[in-house]
1. Non-local amide H neighbours of R67 (under 5 Å, H modeled in plane, Pro and chain starts lacking H): which ones?
2. Compute, for the chain, the length of the dipole vector about the Cα centre, with Cβ point charges of +1 (Lys, Arg) and -1 (Asp, Glu) only. Units Debye, rounded to 20.
3. Only counting other Cβ atoms within 10 Å, I'd like D272, D287 sorted with the fewest neighbours first.
4. Less than 14 Å Cβ to Cβ from T263, Lys/Arg counted +1 and Asp/Glu -1: what total charge do the surrounding residues give?
5. Using a 10 Å cut-off around each Cβ, can you sort C245, C123 from fewest to most neighbouring Cβ atoms?
6. About the Cα centre of the stretch 27-82, what is the dipole size in debye to 20, counting +1 per Lys and Arg Cβ and -1 per Asp and Glu Cβ, all else neutral?
7. Report the relative contact order of the chain, percent, no decimals, based on alpha-carbon pairs under 8 angstrom and at least 6 residues apart.
8. Taking square-rooted eigenvalues a ≥ b ≥ c of the alpha carbon gyration tensor, is the stretch 145-186 rounded, prolate or oblate, where a/c under 1.5 means rounded and, failing that, a/b exceeding b/c means prolate?
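Nothing in this text is a laboratory measurement; each read-out follows from the coordinates by a stated rule. The structure displayed is predicted, hence computed values, not measured ones. Glycine gets a Cβ as well: all are built from the backbone with ideal geometry, and neighbour counts include every protein chain shown.
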Amino acid sequence: MVNTLAPEPTGRTEHGARPAVPGTGGRTRRRRRQSVVAYLFLAPTLLFFAVFLVLPLGFALLLSMSRWTGFDLGGIDPVGPDNFTALFAAGSTFLTPILTNTLLFALGTVALALAGSLLVATCIERLRFQGLWRTLYFLPIVTTVVAVGNVWKYMYEPGGLVNGVLNGLGAGSVAFLADPGTALPSVVVVQAWASLGSAILVLTAGLKAVPESYYEAAALDGAGPVTVFFRITLPLLRPSLLFVCITQFLTGLQSFALIIVMTKGGPGDATDVAALEMYRQAFSYGDWGTASAAAFVLFLVVLAVTLTQLWIFRRKGEDV
């Protein structure tokens, strides 16, 4: 006779512990083996980052708190935060005009490149042979910075193309690169022109992602081109605009080659920027400590600007 009052099994042993689930140990070993295999595949990439990113970053941090002439590793002399203090001490040119020039250069590049690429991308979207136009605007990207800088340098000369056009319009010649008041804006224009191609590609891709039904509905409601642009096109382009804005700003903050080709930081220090100053401190003056400290200050500026841009766009509902 079956005892119906017998207690139901609780799934525990007489000592209170749960019995082992069959196959659990095998699954754990299998996951462990898969993790080992995954790390083996990742090992070359991790090694690459360790050698070319982590180690140089650690060495740069060490140099930023030391004095070193760049030849003998035994000659590294720790000085603590003295290099950072010297950058912002009274009489130092790092904060003004160097860091100020860097921010103005980056802001000008972003403003011109963003406005120009948005205008060109919108026009290309309404033209035939769109691939041809995108290719033409992309050509400066694949051209070396040295070539671009030298061509524009000759165009800015008193007898160059730009002054020739101004003279033809009845205006006088302008010393674009020799005048401290016009040197930085002149280089900003070249940097923005050279970076139009990549921004146009991103924005044209964003324009193609806008559903055509939105424009059809706006046309049925009688919306004009300006209303359609500001109420439909521009809001839906925010992710693309954020990407262009961040990448252009980072490029502007780290710009070096174009300035050294066109002005070498002159006239005076009118176009001297942080990256050029780091190069001079390290390779011209042999002060690797100050150069490394300036690099970390620039890194903090880049980080702060990027996080601010992300915060502004996320407040508008964009998750990037």
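1. So R67 has HN proximity to D77, V79.
2. With Lys and Arg at +1 and Asp and Glu at -1, about 1380 debye.
3. Numbers: D272 24, D287 21.
Exposure proxy ranking, most exposed first: D287, D272.
4. Residues close to T263 contribute a combined charge of -2.
5. C123, C245
6. 1060 debye
7. Once normalised by length, the contact order is 25 percent.
8. Oblate shape, in that a/c is at least 1.5 and b/c is the bigger or equal ratio.
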